[in-house]
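Visitor: Let me begin by handing over the structure; questions about it come next.
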Amino acid sequence: MQLEKIYEPGRFEPHWAQWWIETGMFHAVPKPGKYFSLVIPPPNVTGSLHMGHMLDHALIDMAVRWHRMSGDNTLWVPGTDHAGIATQMVVERELAKEGITRQQLGREEFVKRCWKWKEIYQKRIDDQMKRLGSSCDWERERFTFDPGLSRAVREAFVRLYEKGLIYRGEYMVNWCPRCNTAISDLETVHTTTQGHLWYIRYPYAGGTIVVATTRPETMLGDTAVAIHPEDARYASLHGRTVTLPLMDREIPVILDQLVDPKFGTGIVKVTPAHDANDFEMGKRHKLPFIKVIDESAAMTPAAGRFSGLDRFEARKQVVAELRQLGLIEKIEPYTLSLAVCDRCKTPVEPLVSTQWFVKMKPLAKPAIDAVDDGRIQFIPANWTTTYHHWMDNIRDWCVSRQLWWGHRIPAWYCDDCHQLTVSREDPTHCSHCQSGSIRQETDVLDTWFSSGLWPFSTLGWPDDTEDLRAFYPTTLLVTGFDILFFWVARMIFLGLEMTGEVPFRQVHLHGLVRDPEGQKMSKTKGNVIDPLTVNEQYGTDAVRLSLVQGAASGMDISFTPDRMDASRAFANKIWNAARFIFMKMEAAGVEPRIPSSPALACLEDRWIHNRLQNAIATMNSSLEQHRYHEAADAIYHFIWDDFCDWYIELKKLRMRDGSGYDDNWRDLLFVFEHALRLLHPIMPFITEELWQRLRNADSPLSIALTNYPSADLSRLDPSADSSMATLQAIITAARTLRAELVPGNVSALPATLYTHGASSQVVTAAREAIERLGNVKLTLEQGSTPHLGGAVRSTPEFDLVLHLPAADTNALRTRLEKEIEQLHKAATNSERQLSNDEFVRKAPEQIVTNIRAKLADYKAQLAKSRATLEALGQ
């Protein structure tokens, strides 16, 4: 029964983490009845887990353990994502250390390297998750490149293609020159940066027009200039042509409603191959598309003498030549939105490219309806508006990526008839002309395509499996708000399209974990924290508690050492309370046991049971509503404030060595065991360690398999709560008076307690508790308080007079009078400074702020000293 004196979570946490897995207790078996299922947001196999993952897993595991203990058939599917662009980037970095490129290695060997990387980091992620206590069904672990999931990807692609929802075409895409692939709108980040607006003269017969642009290097690919049809300033230009500077070719002046007359001069250059808006304008007016920047962000031969230059170097030289020719009218500073790749932060280049697209409008409507009619609920609900805005304005999804690591698009080109074959299986010949001269598309699918199938592909889709029938749709998704559109929305429309069902019923979107300064954690900033390092320092339970307590709906979490210290102190408090209980059990000869019901023999037992029922009700209600932070706060305050600070202290007065098992033990162990079960979903390790010390022979194997407490509101006892509040107030008053008047004095001081009304009964029954816990020798009286010498604390229920020796009283009165005089002088001086308008106006803001803070402090200290002096009486 004995516990080590020092709380050392590293001693027992790894043991329970491994034991839970070895026993297979988290394996779910398909069966009729109520179920709770959830899939993990699959971490990328690019490296280790970070604190954002730990928050995810702490919240998910809290929900999973609660549902399992509540009797639901519970499944949590673990797994990882192949993460196309991200993994290819890190593997290429590793190759660079060897002095080779993926092109030198070749596709087949490069993919082998990626698989090798995956094996290393998937194991690392799995080990981290197990160490965090994630109660997954490890027998169902999945990877987005597993054979079954790869088959699901092909099936989904072919179905969409056969329905005309996937097409191949030449369109404007976001191109990352560093990753060397097209990326979706969601994979670009728009940052505000300071740039310039160049005003360039374009000559025409009879004069020049001035065009404003933020990208002069793209003018080499201009095929028109445009004005708004209703802009009267340029009516004379209608139907004319101008000469494109540096390229000396004639381009038309076109009229288009898209032109903003207020931008620059109201005349804009049109470069259809390098701007999304110009692309649409070019199609409307049937303009040529001249590509002057290639996929590596270098100028193409179409750029003439600038060919081969980097795009930014070309900009410098273009501007220099224009200036030399006298064609730069002026240059203005200009704040612009710069699109960069979310992965590598390289400025994105809009390029016209032949890619594969998913038609989104037909898929978006059912996904919108599923949220509107309540089949899917967002938590917090305000994310519904954000979801609507994006889905209502959705554009077709570019799903092809020019990568080697990913699901190859299942399309084959025929070299003879030039037709396309899209197939679930690898074909041996063209489906149109039967030629054997076919070659597969080299592009791979966007990572989010395969992860969009995750809730059902992990359960065996497209086959009609037992798992799919038993656990789909999944019940809940817990993830960060930052991937609402990357992942959540795509799972919704793909789930509805492929299965006819929503992929989940509820979506809980939590905030981000930030550093103490509120910055988002990133490797480039150097503020990333390794969860295992923090867990080793504070204990996994403490870190979990800290994250959950900070995870208020819609709020980001500031990860600070103070928060960690507080959580570890809480774990230490539980450990010390348990250590006391177990030591006393041995001394009393009480065997380990879990009582089936309380005795409720004393006031403190009735009170703690009342508090327990309230905590149980709050915990279950909060967990049901996904208010995980409120559940954590409820059990935190019950254990620390009620159980440890008061209940155990009162029980110490009743326990006697060798007394055996009696009603006092029955009540104490009943409440303690219930508290462990309430806390288990949040802090699984310490609760398992302590619960196992109480476990009966006929108890479940683990606390994780016990029943979660449910509130019995018929057992609430408000009168016990009221009586206990009186007792607590008396003891607190005695302690406060002692601390204020005679700090450091450990002897019991005489005190007179005058009670009023019903409090008399409480005091008479709890006299010993007041004397022992308040450290006073008590005289009990009823009625009003006579003016006796001593310090007084009064409430409507009682008056407590603490009697001090005359010498102590006189010395204390003298000290307080001197303190009051000094504080009054200091406060007056501060008030005089702040009432001087000229001083306040001229002094630095920080100095004025400091003076105001000091004044508030002086006033608070003054009020306290005056109250203490008044309490001493005459």
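Visitor: Given the criteria aliphatic (A, V, I, L, M), modelled with pLDDT of 95 or more and crowded, with 17+ Cβ neighbours inside 10 Å, does Val91 qualify?
Guide: Numbers: aliphatic (A, V, I, L, M): yes; modelled with pLDDT of 95 or more: no; crowded, with 17+ Cβ neighbours inside 10 Å: yes.
So Val91 does not fit the description; no.
Visitor: Evaluate region 291-299: report whether one residue or more is without any contact (Cβ under 8 Å) to a residue 60 or more places away in the chain, polar (S, T, N, Q) and open to solvent by 40 Å² or more (accessible area, probe 1.4 Å). Let's see the steps before the verdict.
Guide: If we filter region 291-299 for residues that are without any contact (Cβ under 8 Å) to a residue 60 or more places away in the chain, which is where we start, we get 294, 298.
Still in the list and also polar (S, T, N, Q): none.
Checked against the condition, which is being without any contact (Cβ under 8 Å) to a residue 60 or more places away in the chain, polar (S, T, N, Q) and open to solvent by 40 Å² or more (accessible area, probe 1.4 Å), region 291-299 yields no hits at all.
Visitor: Residues in region 573-629 that are at positive phi and in contact with a helix residue (DSSP H, G or I) (Cβ under 7 Å, 6 or more places away or on another chain): how many?
Guide: 1
Visitor: Still on this structure, I have one more. Report whether or not His15 is free of Cβ contacts under 8 Å to residues at least 12 places away in the same chain and under 30 Å from Ala577 (Cα atoms).
Guide: Yes; evaluated as a whole, the condition is true for this residue.
Visitor: Those residues that are outside any helix (DSSP H, G or I), in contact (Cβ under 8 Å) with a residue 24 or more places away in the chain and not β-branched (Val, Ile, Thr), I need them from region 796-816; list them, please.
Guide: Pro796, Glu797, Phe798, Asp799, Leu800, Leu802, His803, Leu804
Visitor: What number of residues within region 43-68 are surrounded by 23 or more Cβ atoms within 10 Å (Cβ to Cβ), of a type outside the set (D, E, K, R) and in contact with a Ser or Thr (Cβ under 7 Å, 6 or more places away or on another chain)?
Guide: Of the residues in region 43-68, 5 are surrounded by 23 or more Cβ atoms within 10 Å (Cβ to Cβ), of a type outside the set (D, E, K, R) and in contact with a Ser or Thr (Cβ under 7 Å, 6 or more places away or on another chain).
Visitor: Among Leu834, Leu869, which is among the aliphatic types (A, V, I, L, M) and touching a residue at least 24 places away in the same chain (Cβ under 8 Å)?
Guide: Matching residue, one of Leu834, Leu869: Leu869.
Visitor: Another question about this same structure. If you go through region 851-874, how many residues are polar (S, T, N, Q) and exposed (fewer than 12 other Cβ atoms within 10 Å of the Cβ)?
Guide: Total satisfying the criteria: 1.
Visitor: Next up: Which of the residues belonging to region 181-196 are crowded, with 17+ Cβ neighbours inside 10 Å and in contact with an Asp or Glu (Cβ under 6 Å, 6 or more places away or on another chain)?
Guide: Hit for region 181-196 is Glu187, nothing else.
Visitor: Among the residues of region 197-220 satisfying the criterion of being within 19 Å of Asp260 (Cα to Cα) and of a type in the set (Val, Ile, Thr), which is surrounded by the fewest Cβ atoms within 10 Å (Cβ to Cβ)?
Guide: Looking at residues that are within 19 Å of Asp260 (Cα to Cα) and of a type in the set (Val, Ile, Thr), I get Thr214.
Visitor: Considering only strands (runs of 3 or more DSSP E) fully contained in region 180-289, which possess at least 2 residues that are within 41 Å of the chain's Cα centre (by Cα) and under 21 Å from Leu336 (Cα atoms)?
Guide: 188-204
Visitor: Tell me which residues, restricted to region 623-665, are among the hydroxyl-bearing types (Ser, Thr, Tyr) and open to solvent by 10 Å² or more (accessible area, probe 1.4 Å). Show your work before the answer.
Guide: So the first thing to find is which residues in region 623-665 are among the hydroxyl-bearing types (Ser, Thr, Tyr), and the list is 628, 636, 647, 659, 661.
Listed by number, the residues that qualify are Tyr636, Ser659, Tyr661.
Visitor: Considering only region 547-583, state which residues are farther than 28 Å from Lys651 by Cβ and buried (at least 18 other Cβ atoms within 10 Å of the Cβ).
Guide: Of everything in region 547-583, those that are farther than 28 Å from Lys651 by Cβ and buried (at least 18 other Cβ atoms within 10 Å of the Cβ) turn out to be Leu547, Val548, Gly550, Ala551, Ser553, Ile557, Phe559, Arg563, Met564.
Visitor: Test Asp256 against the criterion of being open to solvent by less than 20 Å² (accessible area, probe 1.4 Å) and of a type in the set (Asp, Glu), and give yes or no.
Guide: Criteria met by Asp256.
Visitor: Examine region 349-370 for a residue that is assigned to a strand (DSSP E or B) and among the charged types (D, E, K, R), and state whether such a residue exists.
Guide: Yes, because at least one residue in region 349-370 is assigned to a strand (DSSP E or B) and among the charged types (D, E, K, R).
Visitor: Looking at Glu838, Glu819, Glu831, can you tell me which residue is of a type in the set (Asp, Glu), open to solvent by 90 Å² or more (accessible area, probe 1.4 Å), farther than 30 Å from Ala725 by Cα and not in a strand (DSSP E or B)?
Guide: That would be Glu838, the only listed residue that is of a type in the set (Asp, Glu), open to solvent by 90 Å² or more (accessible area, probe 1.4 Å), farther than 30 Å from Ala725 by Cα and not in a strand (DSSP E or B).
Visitor: Another question, if that's okay. Please go through region 547-597 and pick out each residue that is within 21 Å of the chain's Cα centre (by Cα), assigned to a loop (DSSP other than H, G, I, E, B) and β-branched (Val, Ile, Thr).
Guide: Once the filter is applied, which keeps residues that are within 21 Å of the chain's Cα centre (by Cα), assigned to a loop (DSSP other than H, G, I, E, B) and β-branched (Val, Ile, Thr), region 547-597 yields only Thr560.
Visitor: Separate question: Only one residue in Gly71, Gly24, Gly99 is open to solvent by 10 Å² or more (accessible area, probe 1.4 Å), on the phi > 0 side of the Ramachandran plot and modelled with pLDDT under 95, so which one is that?
Guide: Among Gly71, Gly24, Gly99, only Gly99 is open to solvent by 10 Å² or more (accessible area, probe 1.4 Å), on the phi > 0 side of the Ramachandran plot and modelled with pLDDT under 95.
Visitor: Does region 370-379 include one or more residues that are in contact with a strand residue (DSSP E or B) (Cβ under 6 Å, 6 or more places away or on another chain) and of a type in the set (S, T, N, Q)?
Guide: Yes, the conditions are met somewhere in region 370-379.
Visitor: Let me ask another. Criterion first (of a type in the set (Lys, Arg) and under 30 Å from Thr736 (Cα atoms)) does Arg852 satisfy it?
Guide: yes
Visitor: Which of the residues belonging to region 122-165 are in a loop (DSSP other than H, G, I, E, B) and either open to solvent by 20 Å² or more (accessible area, probe 1.4 Å) or among the aliphatic types (A, V, I, L, M) (or both)?
Guide: Leu132, Glu141, Phe145, Asp146, Lys163, Gly164, Leu165
Visitor: Please go through region 751-777 and pick out each residue that is in a strand (DSSP E or B), closer than 16 Å to Arg738 by Cα and either open to solvent by less than 60 Å² (accessible area, probe 1.4 Å) or β-branched (Val, Ile, Thr) (or both).
Guide: Ala751, Thr752, Leu753, Val776
Visitor: Same structure, new question: Tell me, yes or no, whether region 290-312 has at least one residue that is closer than 26 Å to Cys341 by Cα, under 43 Å from the mean Cα position of the chain (by Cα), of a type in the set (Ser, Thr, Tyr) and part of a loop (DSSP other than H, G, I, E, B).
Guide: Checking region 290-312: at least one residue is closer than 26 Å to Cys341 by Cα, under 43 Å from the mean Cα position of the chain (by Cα), of a type in the set (Ser, Thr, Tyr) and part of a loop (DSSP other than H, G, I, E, B).
Visitor: Just give me the residues in region 502-523 being assigned to a loop (DSSP other than H, G, I, E, B) and either exposed (fewer than 15 other Cβ atoms within 10 Å of the Cβ) or among the aliphatic types (A, V, I, L, M) (or both), in sequence order.
Guide: Val502, Leu512, Pro516, Glu517, Gly518, Gln519, Met521, Ser522, Lys523
Visitor: May I ask you to say which residue of Tyr636, Tyr661, Tyr628 is closer than 22 Å to Ala588 by Cβ and either under 36 Å from the mean Cα position of the chain (by Cα) or touching a residue at least 12 places away in the same chain (Cβ under 8 Å) (or both)? Break it down into steps so the answer makes sense when it comes.
Guide: Details: Tyr636 fails: closer than 22 Å to Ala588 by Cβ; Tyr628 fails: closer than 22 Å to Ala588 by Cβ.
The match here is Tyr661.
Visitor: Right, another one. I'd like to know if region 221-236 contains one or more residues that are open to solvent by 40 Å² or more (accessible area, probe 1.4 Å) and in contact with a helix residue (DSSP H, G or I) (Cβ under 9 Å, 6 or more places away or on another chain).
Guide: Within region 221-236, none of the residues are open to solvent by 40 Å² or more (accessible area, probe 1.4 Å) and in contact with a helix residue (DSSP H, G or I) (Cβ under 9 Å, 6 or more places away or on another chain).
Visitor: Report, by residue number, each residue of region 678-694 that is crowded, with 21+ Cβ neighbours inside 10 Å and in a helix (DSSP H, G or I). Spell out how you get there, then give the answer.
Guide: Residues of region 678-694 that are crowded, with 21+ Cβ neighbours inside 10 Å, as a first pass: 678-691, 694.
Leu678, Leu679, Pro684, Phe685, Ile686, Thr687, Glu688, Glu689, Leu690, Trp691, Leu694, listed by residue number.
Yes or no, residue by residue, for (1) open to solvent by 50 Å² or more (accessible area, probe 1.4 Å); (2) of a type in the set (Lys, Arg); (3) part of a loop (DSSP other than H, G, I, E, B):
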{"position": "Asn696", "(1), (2), (3)": "no, no, yes"}
{"position": "Tyr708", "(1), (2), (3)": "no, no, yes"}
{"position": "Ala734", "(1), (2), (3)": "no, no, no"}
{"position": "Pro743", "(1), (2), (3)": "yes, no, yes"}
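The values are calculated or read from the model by the stated rules, or taken from the named source; none is laboratory data. Nothing here was measured: the structure is a model prediction, and the numbers come from that model. As a convention, Cβ positions derive from the backbone with ideal geometry for all residues, glycine included, and neighbour counts pool all protein chains shown. When the accessible area is computed, the model is the full protein with side chains, heavy atoms only, and any ligands, DNA or RNA have been set aside. Shrake-Rupley method; radii C 1.70, N 1.55, O 1.52, S 1.80 Å.
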